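Q: I have a structure I would like to understand better, so I am pasting it below and will then ask my questions one at a time.
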Amino acid sequence: MSIKVKLRQKPISGNRQSLYLDFYPAIPDKKTGTLTRRNFLGLYIFDKPKNKIDQQHNNDTIETAELIRQKLDNQLNKEEIYSLEQNVEISSLKKRIGVQKLYISLLDNTTERGKLIYDSAVSQLEYFQRLLHDKGIPNI
């Protein structure tokens, strides 16, 4: 199950808002080990920016907080992404093994002319696969 990470704001004193990350489901805190849903970033924005400098500060701070959120989201969900890639790779390998077994069984039950035809077909498939690879298209 993937962990959702959202950037949220909480009003604080001085007409400011504190930025924090909200996790669902809760994750273990690095310091205490207890489950937590929030991680305050120590970044603050103005409720009502008075001038362009305050507006720019808000934009830069929110952009920084969003980068932190993305990085943490990638770290927390890295294993899930890796396992998905691994499943796709295993599935592709099983398909290749199935084709090889079919090819071997066809060779066992055919004539010399049939073997030449199968060999020609395999070489054409390998050539086509190399062309796809050269153009950056992944194997099927």
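Q: Determine, for Thr34, Thr64, the number of other Cβ atoms within 10 Å of each Cβ, and report the residues in order from fewest to most.
A: Thr34, Thr64
Q: Same structure, new question: Summarise the long-distance tail of P(r) for region 1-48 by giving the % of C-alpha pairs beyond 15 Å.
A: When every Cα pair of region 1-48 is considered, 50 percent fall beyond 15 Å.
Q: If r is the Cβ-Cβ distance from Glu63 to Ala26 and R0 is 22 Å, what FRET efficiency results, to the nearest 0.05? Present the calculation step by step, with values, prior to reporting the outcome.
A: On the way: r = 27 Å, r/R0 = 1.21.
About 0.25, to the nearest 0.05.
Q: Are any of the pairs Lys52/Lys78; Lys30/Lys50; Lys4/Lys52; Lys30/Lys52; Lys10/Lys31; Lys4/Lys135 more than 28 Å apart by Cα-Cα distance, and if so, which?
A: Beyond 28 Å: Lys52/Lys78; Lys30/Lys50; Lys4/Lys52; Lys30/Lys52; Lys4/Lys135.
Q: Of all trypsin sites (Lys or Arg not before Pro) in region 1-54, which ones are in loop regions per DSSP and have a Cβ with at most 12 other Cβ atoms within 10 Å?
A: Lys30, Lys31, Lys50
Q: Run the numbers for Gln75 and Phe40: contour at 0.36 nm per residue of separation, minus the present Cα-Cα distance, in nm.
A: Between Gln75 and Phe40, full extension yields an extra 10.8 nm.
Q: Ranking Ser18, Ser2 by Cβ neighbours within 10 Å, fewest first, what do you get?
A: Fewest to most other Cβ atoms nearby, the residues stand as Ser2, Ser18.
Laboratory data are not the source of any read-out in this text; all were calculated from the coordinates shown. Just so we're clear, the structure is a prediction, and the values are computed from it rather than from any experiment. FYI the Cβ positions are ideal-geometry reconstructions off the backbone, even for glycines, and counts take in every protein chain you see.
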